[in-house]
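Quick notes on the structure that follows.
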Amino acid sequence: MNSNYIYKQIRRISLINLTIPAALAIIVVIMYINIPFGDILHPKQLDNTLDADKMYADDVRFVNASFDKLYYTGYDYIKNGKTAGYYYYSLDDNKCTFVLVDSDNIKEPKDTITGYSMNASLEKQNDLIKKMISGFSKNLDWTNDGLLSVTSVCFIDETGFNSSMYVFFGVCLFILVVLLFSYLIINIVYFIAPGLDPACLKIKKITGNLNCLVQADAEINDPESIIYSSKKIIITNHYLFYRGIFNIDVIPVSAINKIHKTAHAILKNGCTVSFTCTHKLKFYIPYIKNSDFNSIKNILGKYDINFI
């Protein structure tokens, strides 16, 4: 059996349906590769704050840091009007490393914290922490440049480590990749075997086989059999064809029991149409012009079809 027109339309739609998901799948895979999920779930061990700058230079961004003692600077990290953390510092071999402790873990700041461990991100000094360092240097009766000269280039930020968010994001990306690749595989199957397309399977359920596609294809290729033709709708002696951007439907006129029209929610000059057929099958046209629907109604009005 060779339904040239119908199968060509199915293959055309399959190619369209392959293009966008393929591009999205590539983008998602690139995102998945570039987001360091492994580093987030398994942060590097930072036992000595002197190694913070070197690890940062080596593109390590997530660490598990342990501190013998942390000293409170007296400055808090305010985010959206709320205290989100407290600025501490660690001293190791006369080198100062600033540490932003999450307020969720320490409700009230203490002058010193001993034996504290955290999962954190390594961050380069931003304007906010530079402003804090400037104020802190004045409290120490020290110059800002003098303090910066003995301070690590990066700081350790416990508030910047949110593994649950990354896990959720990673799971969502993984599900999206699976869905996109499933959709790609399905459309590849439709391109190779158009007879498996839902439009063909609906015809098979109505008539019991796909032999009627030969007649449908013959009618659509015979100008004398075509009663009405527009960009999306073709009506022949025995069939109604819908040619959408992403799908095609072939509806035997004799199988249509009811046609329901509703005004399109966005486009004023169009409507959505559903066809209820035998075997409780439904065909849905998301948008056609009102002129198309009026033609459908005028042509199919002679059949025992209920228009709503």
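The values are calculated or read from the model by the stated rules, or taken from the named source; none is laboratory data. Values in this document were obtained by computation on a predicted structure and should not be read as measured data. Counting neighbours? That spans all protein chains shown, and the Cβs are built from the backbone with ideal geometry, glycine included.
Descriptive notes on the structure:
- Residue within segment 62-70 that is in contact with a Ser or Thr (Cβ under 9 Å, 6 or more places away or on another chain), β-branched (Val, Ile, Thr), under 30 Å from residue 137 (Cα atoms) and at pLDDT 90 or above present: yes
- Residue 91 being aliphatic (A, V, I, L, M), under 24 Å from residue 53 (Cα atoms) and touching a helix residue (DSSP H, G or I) at 6+ places or on another chain (Cβ under 8 Å): no
- Contact map, segment 154-170: first residue charged (D, E, K, R), second residue surrounded by fewer than 20 Cβ atoms within 10 Å (Cβ to Cβ) and in a strand (DSSP E or B), Cβ cut-off under 7 Å, separation 6 or more or different chains; pairs are 157/123; 158/102.
- Single residue of 189, 171 found to be under 30 Å from residue 84 (Cα atoms) and surrounded by fewer than 20 Cβ atoms within 10 Å (Cβ to Cβ): 171
- Some residue of segment 195-210 being among the charged types (D, E, K, R), assigned to a helix (DSSP H, G or I), more than 36 Å from the chain's Cα centre (by Cα) and more than 15 Å from residue 5 (Cα to Cα): no
- Residues in segment 219-233 that are in a strand (DSSP E or B), surrounded by fewer than 20 Cβ atoms within 10 Å (Cβ to Cβ) and under 39 Å from the mean Cα position of the chain (by Cα): 229 only.
- Those helices (runs of 4 or more DSSP H) of segment 1-93 in which at least 1 residues are closer than 29 Å to residue 174 by Cα and under 30 Å from the mean Cα position of the chain (by Cα), considering only elements entirely within it, cover 4-34, 37-41.
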